[in-house]
Each structure stands twice: as structure tokens, then as C-alpha cells.
Amino acid sequence: MALIVQKFGGTSVGSVERIEHVADKVASFRRHGHDVVVVVSAMSGETNRLIGLAQAIQEHPTPRELDVLVATGEQVTTALLCMALHKREVAARSYNGGQVRILTDDAHTKARIQHIDDHNMRTDLDAGRVVVVAGFQGVDEHGNITTLGRGGSDTTAVALAAALKADECQIYTDVDGVYTTDPRVVDGARRLEKITFEEMLEMASMGSKVLQIRAVEFAGKYAVPLRVLSSFEEGPGTLITLEEDTGMEAPAIAGIAFNRDEAKLTVLGVPDTPGVAYQILGPIGEANIEVDVILQNIGEQAKTDFTFTVARGDLARAEAILRDTAAALSASEVRADPRIAKVSVVGVGMRSHAGVASRMFKALAEVGVNIQMISTSEIKISVIIEEKYLELAVRTLHSAFELDVEPEDQTAKAV
Ligand code: ADP
Ligand code: ASP
Ligand code: MG
């Protein structure tokens, strides 16, 4: 008998029929004698619908009220799932974040979990009840409702699994595991049997939304056994593991991630003197705008060009700040470009395989994709390119690194 935390995403609970299907699944685990804690998302489209309602009234609603509004979506699903379980004669109780007491900080719309009280959940589990918890939400120390950022139900599930020391945290979604890249973009994308936490973290932070970044961080930190599976079909899914495959045949690259949510800002002709990078990026940071990739070029006559990327939603604000800085620095020009995207190849195998970067750049050159910026870490290489080439670039890299080929076939090919 195991203690399992199961999370069902928006599509998996997108209609009454699908909620009934989830109830069948949960009931079956329960009948096999497992203790089950279920975390649910809002029905698909619901969170967007609620945000739309808010924005029809105010472009920038107060974050506290936005959280009160969007947290309702998950609450609806908890009640419906409990009803479906009761219909199957499975004892179950619903909880919202405050009722469990998922304590967070007060950073509305992007709160971080600080503590989870497992008392109520344990009492129910001991009494043989399934515990159904609303994902994506918590309360701050004053009892205000908070939410954890888009995709945050994954984080709720992993955090509950850590708090309860669950045997496994299962993330049920609309794909049957983690793929070498988004299977909606590349037909030949292949399900991975397993992927390391480190790789999954890079994939998530480089734009693969199959798992929320914080969920992966949490799972790595507390060594929560984590698996991504399909709600709709049986199968082993993908295990996120601490073990690294260090064998000779281990592939250099685990997968390809991409992100359209990027925009580029360039300031031309700033003085090439100490402190300039700080003068440019300091005010951006103070405005709470995150900077991603940075590039600085020495130009002519001790002038430099400075380029950086931000999330697309922050572009207008960042551009306004940069124009003020540019004027103060007597820079010659500011350019803004929202039509860029980032493509990243990710893999711990990069540490032991030389030539990953050149293989990547060669493949992109062969299909005429111009690289605007490059950034690297120990286990990933990212390039910024024009957005219209994004899908071409992802498909090209996917085959250049032979990700569409099963690992055994790859070895056969290499020999
Ligand atoms: P849920 O609503 O269940 O949380 P999400 O839409 O957040 O589901 O995440 C699942 C989606 O993630 C898939 O439908 C797929 O399009 C996308 N995705 C992006 N990259 C990957 C990847 N590498 N492997 C699997 N799915 C991916
Ligand atoms: N419902 C929230 C969202 O759409 C949280 C989640 O589904 O994980 O972002
Ligand atoms: Mg999700």
C-alpha cells in the first residue's frame, strides 16, 4: 500500500465526463488499497476566462482581488470530483488551499509555498478518505488567498507529496509523458522513459510547460519521485529521476525547449566605460522586470551596443525605462523587437560530449536560420532567433540531434 499524490490538469478535468473518468481512475487506486491525495486544476479554459472577466473591468486589477477571482476555478473542480467519487461510493473530501493550510508568502499571483500543514489531510487519509485539494492556491499569514503562478497546480502536487512524504507524485496530463520536444510542434517527438531533474528543470525554464518550473525545483530539492502520465491512456509515462545516465551511449541531448514569450531591446552607441551595463540594467531590475539573455558588443570609437531580452509582456515598460536611460547616456538609438523566440537544446550529456554547439549552429545555418544571440550553461545552449523560424529551427535541431530515433537505433547507427 502506497501513499500517492495524483494531479489532474485542466484538460483532464475539462468536462463532467472527464471528471467522471478521473473519478474512475482515483477509485481504482483506492480499491487497490492505496492512500490517495488528488490535486486538481480548474477546468480547461476557466482560468483564462476568469482573467478575461477581470480585464473587462480593469486592465491591471489589484493582484489580491485577481487571486480571489482565479482561485475559484480550482474550487469548482474539487467539489465536482468529490461528488463523482461519492457516486462511486468512495469516501472523499474537498479542500481549498486555506483549508489544508498551504501557507505562502504574500506575493499575489506568484506566491511561494512556505509551509504545509498535513494534519487535516492525515486525519482524512487515516479515516480511509480520498483527499481532494484545489491546486494553484494557498493563503498568506493573514489569511489572504494567494495563487502560485500559471501552471501552479503542479507545484501544489509536488509540495503536498513532499510534505506527506508520498511514495510517488503523479502528474496526469494530456500527453503521455515528457517528450524530446513539444509533440504538438514536432510529429517525430519521442516520449522519454526518464529524464533527470536537472534536465527537466532546464526544459521547464526554457519554455516546456509540461511541468511548472517551481514544481521541478521542489521535487529535486525534496527528492520527490515524480512521474508525468496521460489521463487518457495507460502507460508508464516519464520518470523524473536523480540518476544520471553516464554510459558511453548516453545521448548528448535529452530534448529541445522553446519559448515564444521573449522580446529584444537594443541600445546603440552607449559609452564603453565601466558601469554601463549596470546603468542600463539597474533600472530594469528595479522595476521588477526579469532580464534573460544579454549581449554586449564593442562598436566603433569606444561606443558599445547593448542588447537584452525580457518577457514579451514586459516589453513596453522595459522600453520606456530604456529610453530614459539612453537619453541620460546620450546613446544614439533604442530598438525594440517583439518578434523573436528562444530555442534551447538541453542535456546533461553535453558535459561529456564536445561539439554540441557547433552541431547546433551548423544545423541552423544549413536551413538559413540566423542566430541573433547565444547563451549557454553547463547543460544547455540557447539561441535567440526570428520568431517566424521557430518551428523550422525546432524541427531541424530535433533531427540534427537524432532525437526522433529510439536510443538503441542510435547506437546501431553510431557503430
Ligand atoms: P495541464 O493542463 O495538464 O497542466 P499543460 O498544458 O500545462 O497541461 O502541459 C501539457 C502540455 O505541455 C502538452 O499538451 C504539450 O503540448 C506541452 N509540452 C511542451 N513541451 C513538452 C514536452 N517536452 N513534452 C511533453 N509535453 C510538452
Ligand atoms: N488553473 C491554473 C492555470 O491555468 C493552474 C494550473 O492549471 O496549474 O494556470
Ligand atoms: Mg500545466
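Between 330, 169, 90, whose Cα lies farthest towards the positive end of the dipole of the chain when Lys and Arg beta carbons carry +1 and Asp and Glu beta carbons carry -1, centred on the Cα centre? Most positive-ward Cα: 90. For segment 235-297 versus segment 90-116, the spacing of their alpha-carbon centroids is 31 Å.
For segment 346-353, backbone phi angles converted through the Karplus equation (6.51, -1.76, 1.60; θ = phi - 60°) give residue-by-residue couplings of 10, x, 5, x, 4, 4, 10, 10 Hz, Gly and Pro being listed as x. With N counted as the residues of segment 287-372, its alpha-carbon radius of gyration over 2.2 N^0.38 Å works out to 1.39. How large, in percent, is the carbon and sulfur part of the accessible surface of segment 311-415 at a probe radius of 1.4 Å? The computed percentage sits at 51.
When both bridge partners sit in segment 158-273, DSSP labels roughly 35% of those beta bridges antiparallel. If the reach is capped at under 18 angstrom between alpha carbons, list the lysines near residue 110, excluding any in the same chain fewer than eight residues apart. Here the lysines satisfying the reach criterion relative to residue 110 are 209. Note down the net charge around residue 334, summing +1 for each Lys or Arg and -1 for each Asp or Glu among other residues with Cβ under 12 Å from its Cβ. Local charge sum for residue 334: -2.
Counting only alpha carbon atoms, the long axis of helix 315-328 and the longest principal axis of the chain meet at about 30°. Shape descriptor for segment 65-167: Rg over Rh equals 0.97 (Cα atoms; Rh from the Kirkwood inverse mean 1/r). With N set to the number of residues, divide the alpha-carbon radius of gyration of segment 37-119 by 2.2 N^0.38 Å and report two decimals. This ratio for segment 37-119 stands at 1.25. Annotation: Cα Rg of segment 181-292 relative to the compact-globule expectation 2.2 N^0.38 Å equals 1.44. A Stokes-Einstein calculation at 37 °C with viscosity 0.692 mPa s, built on the Kirkwood radius of segment 1-57 over Cα pairs, returns a diffusion coefficient of 260 µm²/s. Taking the longest Cα principal axis of the chain as reference, the axis of helix 153-164 is set at about 60 degrees. 3J(HN,Hα) along segment 250-259, derived from phi through the Karplus expression 6.51 cos²θ - 1.76 cosθ + 1.60 where θ = phi - 60°, amounts to 4, x, 5, 10, 8, x, 10, 10, 8, 9 Hz, with x in place of Gly and Pro. Kirkwood's formula applied to the C-alpha pairs of segment 81-237 gives a hydrodynamic radius of 16.5 angstrom. Where does helix 390-400 land angle-wise versus the long Cα axis of the chain, in degrees 0 to 90, nearest 10? Relative to the chain, helix 390-400 is tipped by roughly 80 degrees. Spin-label model, residue 288/residue 53: points 7 Å from Cα along the beta carbon direction are separated by 2.4 nm. The orientation-averaged shadow of the Cα convex hull for the chain, equal to a quarter of the hull surface, comes to 22.6 nm².
From helices alone, the chain scores -11000 deg cm²/dmol at 222 nm; the rule is -39500 (n - 2.57) for each run of n ≥ 4 DSSP H residues, then divide by the residue total.
Using the Cα coordinates of segment 123-182, the gyration tensor eigenvalues translate into equivalent-ellipsoid semi-axes of 24, 19, 10 Å, sorted from longest to shortest.
The values are calculated or read from the model by the stated rules, or taken from the named source; none is laboratory data. Here the structure is a predicted model, which is why all the values come from computation and not from measurement. With ideal geometry, Cβ positions are generated from the backbone for all residues, glycine too; neighbour counts draw on all protein chains shown. The protein model used for the area step is the full one, side chains on, heavy atoms only, and it has no ligands, DNA or RNA in it. Shrake-Rupley method; radii C 1.70, N 1.55, O 1.52, S 1.80 Å.
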